[in-house]
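Below you'll find the structure, written out as structure tokens, and then a few comments.
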Amino acid sequence: MADLSVNIAGVQFKNPVIAASGCFGFGLDYEDLYPVSELGGVSLKGTTLDAKPGNIPPRIAETYGGMLNSVGLQNPGVDNLINVHLPALCGKDTVKIANIAGKDVDTYIRAVEKVSDSCADMIELNISCPNVKEGGLAFGASPDTAASLVKEVRKVCKKPLMVKLSPNVTDIVSIARAVEAEGADALSLINTLLGMRIDIRSRKPILHNNVGGMSGRAVFPVALRMVWQTAKAVSIPVVGMGGIATWEDAVEMLLAGASALQVGAAIFTDPYAPVKIVSGLNKWLDDNNIKCVSDIVGQVKCY
Amino acid sequence: MSSLKQNLYPISEINEIASGIFSFRISCPEVAEEAIPGQFVSILCGEFTLRRPISICEINREEGWIRIVFERRGSGTDWLSQRKVGDTLDMLAPIGNGYPEFDDKSKIILVGGGIGVPPMLALAKKYKDKCAVFLGFRDKSKEILTDEFKALTPDVFVATEDGSSGSKGFITAPLNEYDFGENAVICACGPIPLLKKLAELSAEKNIPAFISLEERMGCSAGACFGCVCNTVHGYKRVCKDGPVFNSSEVIFDG
């Protein structure tokens, strides 16, 4: 039995597998199948200061080896998160990460302020959602906008702050460095890749939003490359996500420099994916006489 | 209240009941034990990322099986249509709210359009001759399950657009002529234009109507908010808050 525990920005996780935001609701939708305490942590549905209806459906399309979504941050607002959803999770033995989005600096700050006083263990700052017109990716697209937002958020954020980065940028490393310089305690990447599908019978896009974020197994090599590049460039922990479906994918991500992992779309294909990844990882560590999962972080032998 | 299960279940019977339309009996005692009419299952089809949601057509608690009837439409259902008896299906089930209980109603009006007909059979099995059944198909080649409905209740009306079976035209015609009596409820599943007409009929005649909606799904478990429909209470998840909705709450426009 290997030691699967990891520590990210002072927060202790019993294992490195976290359910990704937008793929696990507010943590309790899969309780019929397995308790959320099987997971090291859960990143809750992206929440904004005020409730948001989200985008007009259809919001889902399938792609080869993946999918698109244009959900658009439908959420009940931060007060509901703090009063209803976080308390429902407080007795559960898993790290609770509140994913916070905003439409402008002010709404980000006010939401983070409120959640700073809640029982969330960590805040994941969403500056990478591609499905909203204001906020999200608009902030994460350049080092300057990302840095100035994180600078303001850092002033009011009393929880460990993990910033979630978008791959839809020219140079993710420069954004990662800028965000680290403004006080981010950790980074998580990647959010979804912007994509599109057209229904040739109707000759309209499948998504009502025309475009949406791509996730699933097909994006894994892009995510892995970005995690590798980013982890080499910063000192803070990097949480890797993007198409992780198996324990082998998890090992690749850890070797590339991820200190922990988030699993999202794989849950749609196999709800037990995160649980299987934990046990597969455990077995591989044992089979290879590796005592702690943290021993392999960043250990890829590059040319 | 049913609880969600995910497992590999064997297919015990396969019939192609019309051209491109397949009936599968799936052996799944733990699902059959809890499933109710109006719920659905979500099946992993080969290597495709997203599960395919399919309505439950029939539930047999005693023998521990459910039946699904689906049409070969796209790549996922194409894969599914090629399965053989004895193959196992990776299925997440039973999903959704299902239809409410109607023990206090005198007449249950079942309206099915095309591939929306199969889930009505589970209701017909439950309420038997309290049901009046209205089935609409494009033409005779798409007609399914009529005889099985007739075995449960004498009041079965069929309409096909070209008149190749039953009356010619849409199923709403015989429905508009029908005397619903004092204490009826409408249950329906089918294309949106049909459901819209039923919502109007329901409002006009003050008869409650429960319609089953569909939408492209992500997780099928209520976790992702991908499959929403518009209602007077905001966007609701078709997988978890539905698929059955009171027609008076649904906003159809688009």
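The values are calculated or read from the model by the stated rules, or taken from the named source; none is laboratory data. All values derive from a computational prediction rather than experimental measurement. Here Cβ is always computed from backbone atoms with ideal geometry, including for glycine, and neighbour counts include all displayed protein chains. All accessible areas refer to the heavy atoms of the entire protein, side chains included, with ligands and DNA or RNA removed. Shrake-Rupley method; radii C 1.70, N 1.55, O 1.52, S 1.80 Å.
Quick look at the values:
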read-out: Residues that are over 26 Å from A:C90 (Cβ atoms) and of a type outside the set (S, T, N, Q), drawn from segment A:113-132; value: A:I127, A:C129, A:P130, A:V132
read-out: Qualifying residue in segment A:222-240 (condition: within 14 Å of chain B (Cβ to nearest Cβ), crowded, with 24+ Cβ neighbours inside 10 Å and under 28 Å from A:E31 (Cβ atoms)); value: no
read-out: Top-ranked residue in segment A:119-128 [being open to solvent by less than 10 Å² (accessible area, probe 1.4 Å) and in a loop (DSSP other than H, G, I, E, B); ranked as nearest to B:G226 (Cα to Cα)]; value: A:S128
read-out: Filter result (in a helix (DSSP H, G or I) and in contact with an Asp or Glu (Cβ under 9 Å, 6 or more places away or on another chain)) within segment A:200-226; value: A:R217, A:F220, A:L224
read-out: Filtered residues of segment A:145-179 (kept if of a type in the set (D, E, K, R) and open to solvent by 50 Å² or more (accessible area, probe 1.4 Å)); value: A:K151, A:E152, A:R154, A:K155, A:K158, A:D171, A:R177
read-out: Residues satisfying the stated conditions in segment A:67-114, i.e. assigned to a helix (DSSP H, G or I) and of a type in the set (D, E, K, R); value: A:D79, A:D106, A:R110, A:E113, A:K114
read-out: Subset of segment A:1-31 [in contact with a strand residue (DSSP E or B) (Cβ under 7 Å, 6 or more places away or on another chain) and acidic (D, E)]; value: A:D3
read-out: Any hit, segment B:46-64, residues being under 26 Å from A:I267 (Cα atoms), modelled with pLDDT under 95 and more than 16 Å from the chain's Cα centre (by Cα); value: no
read-out: Any strands (runs of 3 or more DSSP E) falling wholly within segment B:145-254 and containing at least 2 residues that are farther than 30 Å from B:L4 by Cβ; value: B:156-160
read-out: Residues located in segment A:155-185, provided they are of a type in the set (V, I, T) and assigned to a loop (DSSP other than H, G, I, E, B); value: A:V169, A:T170
read-out: Any hit, segment A:274-292, residues being at positive phi and either open to solvent by 10 Å² or more (accessible area, probe 1.4 Å) or within 14 Å of chain B (Cβ to nearest Cβ) (or both); value: yes
read-out: Residue check, B:L44 open to solvent by 20 Å² or more (accessible area, probe 1.4 Å) and more than 17 Å from B:S23 (Cβ to Cβ); value: yes
read-out: Of all residues in segment A:39-54 being under 18 Å from B:C227 (Cβ atoms) and either open to solvent by 10 Å² or more (accessible area, probe 1.4 Å) or among the aromatic types (F, W, Y) (or both), the one that is farthest from the other protein chains (Cβ to nearest Cβ); value: A:K52
read-out: Residue under evaluation A:I200, criteria (1) buried (at least 21 other Cβ atoms within 10 Å of the Cβ); (2) farther than 30 Å from A:I123 by Cα, criterion not met; value: (1)
read-out: Boolean, A:D106 is farther than 22 Å from A:G10 by Cα and surrounded by fewer than 16 Cβ atoms within 10 Å (Cβ to Cβ); value: yes
read-out: Unmet criterion (only one of (1) touching a strand residue (DSSP E or B) at 6+ places or on another chain (Cβ under 8 Å); (2) more than 30 Å from A:G27 (Cα to Cα); (3) away from chain A (no Cβ under 14 Å)) for B:N246; value: (2)
read-out: Residue match in segment B:72-85 (condition: open to solvent by 20 Å² or more (accessible area, probe 1.4 Å) and touching a helix residue (DSSP H, G or I) at 6+ places or on another chain (Cβ under 9 Å)); value: yes
read-out: Matching residues, segment B:209-229, being more than 7 Å from chain A (Cβ to nearest Cβ) and more than 15 Å from B:N97 (Cβ to Cβ); value: B:A209
read-out: Residue match in segment B:86-96 (condition: more than 14 Å from every other protein chain (Cβ to nearest Cβ) and open to solvent by less than 10 Å² (accessible area, probe 1.4 Å)); value: no
read-out: Segment A:204-216 residues that are within 12 Å of chain B (Cβ to nearest Cβ), paired with ones that are open to solvent by 40 Å² or more (accessible area, probe 1.4 Å) and among the basic types (K, R) (beta carbon under 6 Å, 6 or more apart); value: A:I206/A:R197
read-out: Pairs with Cβ under 7 Å, 6+ apart, first in segment B:163-189 and touching a residue at least 40 places away in the same chain (Cβ under 8 Å), second open to solvent by 30 Å² or more (accessible area, probe 1.4 Å) and assigned to a helix (DSSP H, G or I); value: B:F180/B:K205
read-out: Tally, over segment B:225-244, of residues that are farther than 14 Å from B:F40 by Cβ and open to solvent by 10 Å² or more (accessible area, probe 1.4 Å); value: 8
read-out: Meets criteria (away from chain B (no Cβ under 13 Å), at pLDDT 95 or above and farther than 30 Å from A:K283 by Cα) for A:V71; value: no
read-out: Selected residue [farther than 28 Å from A:W247 by Cβ and within 12 Å of another protein chain (Cβ to nearest Cβ)] from A:P87, A:P57; value: A:P57
read-out: Sole exception among (1) part of a loop (DSSP other than H, G, I, E, B); (2) over 19 Å from the mean Cα position of the chain (by Cα) for A:L281, by number; value: (1)
read-out: Within segment A:18-38, tally of residues that are of a type in the set (A, V, I, L, M), more than 10 Å from chain B (Cβ to nearest Cβ) and farther than 21 Å from A:N69 by Cβ; value: 1
read-out: Residue within segment A:9-16 that is under 27 Å from B:S220 (Cβ atoms) and out of contact with any His (no Cβ under 6 Å at 6 or more places or on another chain) present; value: yes
